[in-house]
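Shown next, in structure tokens, is the structure this report addresses.
Only the coordinates and a few stated rules stand behind these numbers; no lab work does. If you're wondering where the values come from, they're calculated on a predicted model, not measured in any experiment. FYI the Cβ positions are ideal-geometry reconstructions off the backbone, even for glycines, and counts take in every protein chain you see.
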Amino acid sequence: MTKKEYKQLIDYRVNFINKKLGTNYETNYAPQYGGWNMYEVKEGGKSHRGNLGFDLRKSNAEMLAYVDGIYELLCHYQVAV
């Protein structure tokens, strides 16, 4: 899978998660720091890890697996938010 394909899949899943949960998670990719980061941006532009974000960066495959898991959970189970 190419970098572009990973980015498209990850962005799609993060957008779905935000719509489903009413959150504002964002991601960025910085290979020099180890890969993907996910964090929530609150009003005023302050960012923090939130309930789903994390501190240690993930590779393309790890990040896709992570957001896939959340995506599948929200698609197939009744999750109260």
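Placing +1 on the Cβ of every Lys and Arg and -1 on the Cβ of every Asp and Glu, with no other charges, gives the chain a dipole of roughly 140 debye about its Cα centre.
Of all the options ASN60, ASN51, ASN18, the one that moves most in a Gaussian network model of the chain with Cα springs shorter than 10 angstrom is ASN51. Here is the list for the chain: chymotrypsin sites (Phe, Trp or Tyr not before Pro) lying in DSSP coil, each with at most 15 other C-beta atoms within 10 angstrom of its C-beta, are PHE54, TYR77.
Residue separation of ASN15 and LEU73 scaled by 0.36 nm, minus their Cα-Cα distance, works out to 19.4 nm of gained length. Other residues whose C-beta falls under 10 angstrom from the C-beta of ASN24 contribute a net charge of -2, scoring Lys and Arg +1 and Asp and Glu -1.
Number of Lys-Lys pairs in the chain with C-alpha atoms under 19 Å apart and a separation of 8 or more places or on different chains: 6.
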